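Have a look at the structure below, then the notes.
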Amino acid sequence: MPTRYLSLAPLAALGAAGAVLYVIRASKKDKSVEAREPTVARIDQLIVYPIKSAAGVQVDHSEVTWKGLKHDRSYCIVVPVEESQQGGRGEYRPLSQAMAPRMSLIHPSLPNSEGITLSFVQAGETSSSIHVPLVTDGKRFAIVVWDNPAVGMDQGDPVAEWLSMQLEIPGTRLLKSVDDDELTRYLSTKARDLGHQYGHGLDFHYNFPLDVLSRASAAQLICRVPVDVGRTMDHRRFRSNILLDGCPPFAEERYSTIKFQDNPSLSIEFDRLCDRCSIPSVDPDTGVMDTKTKEPYPTLLKYRRGNLIKDNCHPRHRQFITKHNKSVFMAVHATPRFAEGASSCPVVVRVGDVVHFV
C-alpha cells in the first residue's frame with residue numbers, strides 16, 4: 001500500500017476562498033438549500049492512525065472492514081494508573097494528546113507482519129526512530145477506552161523506554177490490539193472485572209470506526225479563526241479518516257449516508273456529529289497545545305455550538321446534539337456498511353472515489 005506522511009502545508013488559499021464564497025452565497029438561500037446543493041463529492045484524502053492519538057499516515061487506498069480503515073488505531077500508548085485510582089478499570093489507561101500533546105510528533109509507519117516503525121518528527125525534522133518488532137506472546141492488559149473495554153498486548157521494553165523519553169512521561173508502554181477471537185475470549189471473562197459488559201470489539205477507537213470531514217468545512221473554520229492563529233491550522237487538527245472534497249461546508253452533517261459510485265457493496269453511515277475536546281488546540285507540527293488562545297475552540301463556540309447548528313443537521317443527529325447542546329461539533333462519526341456477501345472479500349476505497357450523499 002503506497003503511503004506518504006501527511007502534508008505539512010496548510011490548506012490552499014483557494015479552498016479557503018471557496019468556503020468564503022459559499023458562505024456568502026448560502027446566506028442568500030432559503031432553508032431548503034440542502035435540496036439544491038451538490039450531493040456528490042470525492043475522497044480527497046484517506047488517513048490511517050496506526051497508533052491512537054499519534055500522527056496519521058496518508059494512504060492512496062485502504063481496505064475497509066467493520067472496524068474501519070485497515071490498521072487504524074491498532075496500537076495504543078498507555079500509562080500506569082495508581083492502584084488507588086484504578087477503580088476496576090485496569091492497570092493502565094490510554095494516553096491522548098489532551099494529556100500529552102507531544103504524541104502528535106510520534107509518526108508511525110503502517111504496521112505489517114514484522115511490526116511497526118516509530119519516528120519522532122518535530123518541525124519536519126526526524127530526531128529519533130525505532131523499529132518495534134511485532135510481539136505476539138507478550139503480556140496482555142485489559143484497558144478501558146471511552147468506557148469500552150479493550151485488550152492490548154505489550155510490545156516490549158525498548159519501545160516503552162523510547163516513548164517515555166520522547167514524550168517525557170515515565171512508565172509509558174505500547175500495546176497492540178489482539179485478534180477478534182482472543183478479544184472475545186478475554187473480555188468475556190475480564191469485562192466484569194473492569195465494571196463493563198462486553199464492548200463493541202473495536203480496537204482502540206472512540207466508539208465509532210470512522211471519522212469523516214469535508215475540506216470545505218475545514219476551510220470555513222480557518223476563515224473564521226483569527227489570522228495570526230488560523231494560518232497554522234489545517235484539517236489535521238480534527239484527525240478524520242476520510243477527507244471529502246467537492247461538497248459545500250458541512251454537507252456531511254446534512255445527510256445520513258455516503259454511497260460509492262463504483263462500489264455498490266459499500267456505504268458509510270453517519271452515526272452522529274463529533275463533539276470536540278481540547279485536542280484540536282494541539283499544533284501537529286510542534287506538539288504544543290495553544291493554552292493561550294485555545295483556538296479553534298473559541299471560534300467553534302461562536303458558530304458550531306450544538307444549539308446553533310441543530311436545526312441544520314440531519315434529523316438523526318438532533319437527539320444527541322440536543323443532549324449536548326453546549327458542546328462544539330466538527331466532522332461526523334461513521335460506520336461502514338456492507339452489502340450482503342461483501343464482507344467475504346476485501347472492500348477497498350481509494351483517493352478519488354466518487355461518493356453520493358443520501
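Figures for the structure shown
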item: Looking only at segment 122-143, and only at residues there that are among the hydrophobic types (A, V, I, L, M, F, W, C) and in contact with a helix residue (DSSP H, G or I) (Cβ under 6 Å, 6 or more places away or on another chain), the one that is farthest from Gly90 (Cα to Cα); result: Ile130
item: Selection status of Thr136, of a type in the set (Ser, Thr, Tyr), outside any strand (DSSP E or B) and more than 30 Å from Asp275 (Cα to Cα); result: yes
item: Some residue of segment 52-72 being out of contact with any helix residue (DSSP H, G or I) (no Cβ under 8 Å at 6 or more places or on another chain), closer than 16 Å to Ser177 by Cβ and among the aromatic types (Phe, Trp, Tyr); result: no
item: Given (1) in contact with a strand residue (DSSP E or B) (Cβ under 7 Å, 6 or more places away or on another chain); (2) over 25 Å from Trp66 (Cα atoms); (3) hydrophobic (A, V, I, L, M, F, W, C); (4) at pLDDT below 95, number of the condition Val159 does not satisfy; result: (4)
item: In segment 270-328, the residues that are at positive phi and out of contact with any strand residue (DSSP E or B) (no Cβ under 8 Å at 6 or more places or on another chain); result: Lys294
item: Residue in segment 71-81 that is at pLDDT 95 or above, surrounded by fewer than 22 Cβ atoms within 10 Å (Cβ to Cβ) and under 12 Å from Asn241 (Cα atoms) present; result: no
item: Residue in segment 329-351 that is among the hydroxyl-bearing types (Ser, Thr, Tyr), under 20 Å from the mean Cα position of the chain (by Cα) and at pLDDT 95 or above present; result: no
item: Among residues of segment 317-342, those that are assigned to a helix (DSSP H, G or I), surrounded by 14 or more Cβ atoms within 10 Å (Cβ to Cβ) and in contact (Cβ under 8 Å) with a residue 12 or more places away in the chain, counted; result: 4
item: Criterion (without any contact (Cβ under 8 Å) to a residue 40 or more places away in the chain and of a type in the set (Ser, Thr, Tyr)) met by exactly one of Thr291, Thr286, Thr299, Thr257; result: Thr291
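The rows are residues; the columns are (1) among the basic types (Lys, Arg); (2) more than 17 Å from His317 (Cβ to Cβ); (3) in contact with a Lys or Arg (Cβ under 7 Å, 6 or more places away or on another chain).
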| position | (1), (2), (3) |
| --- | --- |
| Ser217 | no, no, no |
| Leu221 | no, yes, no |
| Met233 | no, yes, no |
| Asn241 | no, yes, no |
| Arg254 | yes, no, no |
| Ile258 | no, no, no |
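The values are calculated or read from the model by the stated rules, or taken from the named source; none is laboratory data. A quick note: this is a predicted structure, and the numbers were derived from the prediction, not measured. Note that each Cβ is placed from the backbone with ideal geometry, even for glycine, and that neighbours are counted across all protein chains shown.
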